[in-house]
Amino acid sequence: MSSFGLWIVGAGGHVGAFTLAGWHALRAGLLPPTGLVTTAPPFETLPLGALEDAVFGGHELPGRSLAEAIERLVAERILGREVAEAAAVRDGVAAAQRELREGVVDHGGWDDVQRVRTDLDGFRARTGVTRVIVLNVASTEADVADAASLPRDPDAFVAALRAGARLPASAVYALAALDLGMGYVNFTPSTGSDLPALHALALARGAVHAGADGKTGQTLLKTVLAPMFAIRRLRVTSWVSHNILGNEDGRALHDPGRRASKQRSKRAPLAAILGYEPESHVGIDYVPSYGDWKLAWDRIVFAGFGGAEMTLELTWRGSDTALAAPLCIDLVRLVELAQRRGERGVLAYLALFFKSPLGASEHRLDRQWQALVRHLLPELPASEVP
Ligand SMILES: NC(=O)c1ccc[n+]([C@@H]2O[C@H](COP(=O)([O-])OP(=O)(O)OC[C@H]3O[C@@H](n4cnc5c(N)ncnc54)[C@H](O)[C@@H]3O)[C@@H](O)[C@H]2O)c1
């Protein structure tokens, strides 16, 4: 019997579909584990759940099929056709399609929470899995001010929902998952589980959660480079970042409200690492012909001894989805392990994976790496930490 379930919210999007197809390709030996942290030293000895032991389901908006999502990955040269059409991948995708349910659009109330809860509980019962992890890779939502004003106490929070309060869809999924004791991972900048009442609920139900917003490209670079300027006392005057992307995420981020939510998440690390706020700007432009192959450009102006002004420019062209999917697989396996070990609440040691890490103020990649290793392998001598 399978021992855990992965429930993907936004399964028919790029990241959702590649996480699903990539998982099946990995377990069939069709793809090497490039970009995965958990299969390399020092983590290869961790007792992670076997890739073979997972079953899949998810929520999507009406009218989106997983097979079509995989076809889009092939058309954009993110996934090779031979891998997409291998029986192991095709069968895995078809099985997940049978467990796909209609999602909550934009906002939801108490009825939606109940419906999502029934979907998740039904999946757990039908598949016989003991643990389920809900992964949010749905389109980015706009920031919602009202959700933050809801009661902090879980019972009062539920009472407010019963009385008609509404939540952003990401928080509806998080509430249902945590209430059932399931793990929840928010790979997006949307609200998800980051409400006081949901933090308290996770602790009360013995559920674990992590987020927010996968750190895949430009912000990953920032959290490596900014410490260099800080350590060498070079004063950053301005740090201007631009992103040009043409995938559906880019289209969603064309909406000013959703874009603001992503920009807030992308800006967070810089001031925290430098200890002051340089002039900064994060632009996100949607240019459809770029597809998934995002161009990220950074221009950093900094001052040296005697005030000499210098600049550093960087361009990065990458497949957003190919960068994101292995992180999702790592996260799900680490959260499943945390559940099995009886951890509860926010998994702050997973900060390495996120732009806006829940429960952690550390943004520097190397420090986040040390924290991850120390938590997962406390016995490992410092001299053996890669
Ligand atoms: N690709 C990356 O490098 C990266 C990095 C960090 C964060 N993210 C975030 O991951 C998310 C997914 O990115 P993507 O490129 O796969 O986007 P995408 O647009 O291809 O996929 C999003 C999917 O979510 C579905 N969806 C929208 N609202 C939903 C809802 N309420 N319930 C269920 N499904 C819903 C859409 O129909 C779509 O299929 C985005 O929020 C993005 O910001 C991506």
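Going through the DSSP H helices of the chain, which span 18 Å or more along their own axis at the Cα atoms while scoring at least 1.0 as a mean Kyte-Doolittle hydropathy?
218-231
Between the DSSP loop rule and a limit of at most 11 other Cβ atoms within 10 Å, which trypsin sites (Lys or Arg not before Pro) in segment 277-345 are left?
Those satisfying the criteria are 341.
Check residue 285: other-chain or 5+ apart residues with amide H under 5 Å from its amide H, H built from backbone geometry?
243, 244, 245
Return the carbon/sulfur percentage of the accessible area of segment 218-319, one whole number, probe 1.4 Å, all protein chains in place.
About 55 percent, which is the carbon plus sulfur part of the accessible surface.
With every protein chain kept in the model, how would you rank 232, 166 by accessible area, 1.4 Å probe, largest at the top?
So, going from the largest accessible area down, we get 232, 166.
In segment 205-285, which chymotrypsin sites (Phe, Trp or Tyr not before Pro) fall in coil by DSSP and have 13 or fewer other Cβ atoms within 10 Å?
276
Among 308-315, 173-180, 116-123, how do they line up by average Cβ neighbours within 10 Å per residue, starting with the highest?
Result, highest mean Cβ count within 10 Å first: 173-180, 116-123, 308-315.
Can you check how the C-alpha radius of gyration of segment 332-377 compares to 2.2 N^0.38 Å, as a plain ratio?
Dividing the Cα Rg of segment 332-377 by 2.2 N^0.38 Å gives 1.09.
Give me the percent relative contact order of segment 218-319, please, defined on Cα pairs under 8 angstrom at least 6 residues apart.
In percent, rounded to a whole number, it is 37.
Write down the accessible area per residue of segment 218-319 in Å², having rolled a 1.4 Å probe over the full set of protein chains.
51 Å²
Ordering 182, 228 from largest to smallest accessible area (1.4 angstrom probe), what's the sequence?
228, 182
Under 5 Å between amide H atoms, partner at least 5 residues away or on a different chain: which partners does residue 132 have, H built in plane at 1.01 Å?
When sequence neighbours closer than 5 places are left aside, the close amide H contacts are 5, 183.
Let me spell out the model: positive unit charges on the Cβ of Lys and Arg, negative unit charges on the Cβ of Asp and Glu, origin at the Cα centre of the chain. What dipole size does that give, in debye rounded to 20?
520 debye
Quick check on segment 126-225: take the gyration tensor over C-alpha atoms, sort the square-rooted eigenvalues as a ≥ b ≥ c, and tell me if it's rounded (a/c under 1.5), prolate or oblate.
oblate
Report Rg (one decimal) and Dmax (nearest whole number) for the chain, counting Cα atoms only, units Å.
Calculated on Cα positions, Rg and Dmax stand at 20.5, 69 Å.
For segment 290-306 and segment 319-379, what is the separation of their C-alpha centers, rounded to whole Å?
So the separation of the two Cα centres works out to 26 Å.
Using only the Cα atoms of segment 174-305, build the gyration tensor, take square roots of its eigenvalues as a ≥ b ≥ c, and label the shape rounded, prolate or oblate: rounded if a/c is under 1.5, else prolate if a/b is larger than b/c, else oblate.
oblate
With a 1.4 Å probe and every protein chain kept in, tell me what percent of the accessible surface of segment 1-158 is carbon plus sulfur.
Its accessible area is 53 percent carbon and sulfur atoms.
Using a 1.4 angstrom probe with every protein chain in place, what is the largest-first accessible-area order of 199, 281, 209?
Most to least solvent-accessible, the answer reads 281, 199, 209.
Using only Cα atoms, locate the centre of segment 1-49 and the centre of segment 248-284, then give the distance between them in Å, rounded to an integer.
Value for the Cα centre distance between the two parts: 28 Å.
The values are calculated or read from the model by the stated rules, or taken from the named source; none is laboratory data. Remember, it's a predicted structure, so these values are computed and weren't measured experimentally. FYI the Cβ positions are ideal-geometry reconstructions off the backbone, even for glycines, and counts take in every protein chain you see. The protein model used for the area step is the full one, side chains on, heavy atoms only, and it has no ligands, DNA or RNA in it. Shrake-Rupley method; radii C 1.70, N 1.55, O 1.52, S 1.80 Å.
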